[in-house]
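Everything below concerns the one structure shown next.
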Amino acid sequence: AELQRFASLPAVLAEHPALRKLLADPGKPTRIAEVNDLLERMRQRSDAAMLYLMDPTGKTLAASNWRGADSFVGQNYGFRPYFRVALAGGSGMFFGVGVTTRVPGFFIAHPVLDDGRVVGVLAVKVELDVLESTWAESGESLMVVDQHGVVALSSNAAWNFATLTLLTAESRRQLQETRQYFTERLAPLPLQWLDEQRVALDGRQFVVQQRQLQWID
């Protein structure tokens, strides 16, 4: 639910004519300023972490954080899976550590269309530190694990970016290609499986239940 409330934001905002105008004439300063201002205002209203517009090569033309030292403007994110999916006309979703900010987040991207043709990609980054803090304060022991077995989110900060088992060579290759976790070590957690539903970790025993999230991979 925390993620889905942002799902429609890039799809709706991608319809704004100012984005198409900038993509058609990316070197015009007045159009860059207009879209930077638009994305900055929308970020403040939506409480998203970032909003940014990329051209078909993945280069960022405008961003909500254009004023900051860690501005996305000029950065190229063409290697990210969410960009590739959106450029192909789909809705791209991806969890990873920000290459520019080093802050983890969930990225949702949508194509910008002009007469049915994809001319760019608009993305939103959602940071989930508040959600993790809520889990920690509740006393629950919870982790969200990706398809490679990497702990993407958890109620215990020490577990983040650890793995359930040793990563395969193929998983390491894919993670390096997408820079999903950037320079994190991705070392295995010291898990001791007692049986299929019980595990020991950090001197405590846990009952293990797993649920696949259908909305995302």
- Query: Going by alpha carbons, how many degrees (0 to 90, nearest 10) lie between the helix axis of 129-138 and the longest principal axis of the chain?
  - Reply: 30 degrees
- What is the Cα coordinate range of the chain on the first, second and third principal axes, sorted by size from largest, in whole angstrom? 62, 36, 32
- Query: Dipole magnitude of the chain about its Cα centre, charges +1 at Lys/Arg Cβ and -1 at Asp/Glu Cβ only, in debye to the nearest 20?
  - Reply: 560 debye
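Could you order Lys125, Lys59 by accessible surface area, starting with the largest, using a probe radius of 1.4 Å? All intermediate terms of the calculation are to be shown ahead of the outcome.
Numbers: Lys125 0, Lys59 95 Å².
Reading off the accessible areas and sorting them downward yields Lys59, Lys125.
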- Integer Hz, Karplus 6.51/-1.76/1.60 couplings in order for the range 154-159, x for Gly and Pro: 7, 7, 10, 4, 5, 8
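Assigning unit charges at the beta carbon (Lys, Arg +1; Asp, Glu -1) and nothing else, what dipole magnitude in debye, to the nearest 20, does the range 88-175 show about its Cα centre?
Value, rounded to 20: 340 debye.
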- Sites excluded, chymotrypsin sites (Phe, Trp or Tyr not before Pro) in DSSP loops with at most 12 other C-beta within 10 Å, longest stretch of the chain: 80-214
- Sum up the charges of everything whose Cβ sits under 13 Å from the Cβ of Leu189, counting Lys and Arg as +1 and Asp and Glu as -1, but leave Leu189 out. +1
- Item | Most mobile of Arg31, Arg84, Arg45 in a GNM of the chain (Cα contacts under 10 Å) | Arg45
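Grab the beta carbon distance between Phe206 and Phe79, set R0 = 41 Å, and tell me the FRET efficiency rounded to 0.05. Don't skip to the end; give the middle numbers.
Values: r = 36 Å, r/R0 = 0.89.
The computed FRET efficiency comes out at 0.65.
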- Given backbone amide H placed at 1.01 Å from N, residues whose amide H is under 5 Å from that of Phe94, ignoring those fewer than 5 places away on the same chain, are Phe107
- Note on the structure: Counting only residues 5 or more apart in sequence or on a different chain, those whose built amide H sits under 5 Å from that of Ala162 are Val151
- Message: Keeping all protein chains in the complex and leaving out DNA, RNA and ligands, what accessible area do you get for Met143 with a 1.4 Å probe, in Å² to the nearest 10?
- Response: 60 Å²
- Item | Degrees between helix 169-178 axis and first principal axis of the chain (Cα, 0 to 90, nearest 10) | 30 degrees
- Note on the structure: Counting only residues 5 or more apart in sequence or on a different chain, those whose built amide H sits under 5 Å from that of Asn65 are Leu51, Phe72
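Could you put Arg20, Arg211, Arg117 in order of accessible surface area, largest first, with the 1.4 Å probe and the full protein assembly present? Walk me through the numbers on the way to the answer.
Values: Arg20 70, Arg211 210, Arg117 145 Å².
So, going from the largest accessible area down, we get Arg211, Arg117, Arg20.
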- Message: Running a GNM on the chain with Cα contacts under 10 Å, which residue among Pro29, Pro104, Pro188 ends up with the highest mean-square fluctuation?
- Response: Pro29
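Using unit Cβ charges (K, R positive; D, E negative) and no other charged atoms, how large, in debye to the nearest 20, is the dipole of the range 133-217 about its Cα centre? Walk me through the numbers before you get to the answer.
Values: 7 positive and 10 negative charges, 34 e Å.
The dipole of the range 133-217 has a size of about 160 debye.
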- Task: Using the charge dipole of the chain (Lys, Arg: +1 at Cβ; Asp, Glu: -1 at Cβ; taken about the Cα centre), state which of Phe72, Ser141, Gln174 has its Cα farthest towards the positive end.
- Result: Phe72
- Under Karplus coefficients 6.51, -1.76 and 1.60, residue-wise ³J(HN,Hα) of the range 45-50 in Hz, glycine/proline x: 6, 8, 6, 6, 7, 8
- Note on the structure: In whole Hz, the Karplus estimates of ³J(HN,Hα) for the range 192-200 (6.51, -1.76, 1.60; θ = phi - 60°; x where Gly or Pro) are 10, 7, 8, 7, 5, 10, 9, 9, 9
- Message: Rounded to the nearest 5, what % of DSSP beta bridges with both residues in the range 61-217 are antiparallel?
- Response: 95 percent
- Query: Of Glu140, Glu177, Glu132, which has the largest mean-square fluctuation in a 10 Å C-alpha GNM of the chain?
  - Reply: Glu140
- From the Cα centre of the range 58-134 to that of the range 21-35, the distance in Å is 18 Å
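The values are calculated or read from the model by the stated rules, or taken from the named source; none is laboratory data. If you're wondering where the values come from, they're calculated on a predicted model, not measured in any experiment. Neighbour counts are summed over all protein chains in view; Cβ atoms, including those assigned to glycine, are modelled from backbone coordinates with ideal geometry. To get the accessible areas, we keep the full protein, side chains included, count just its heavy atoms, and leave off ligands, DNA and RNA. Shrake-Rupley method; radii C 1.70, N 1.55, O 1.52, S 1.80 Å.
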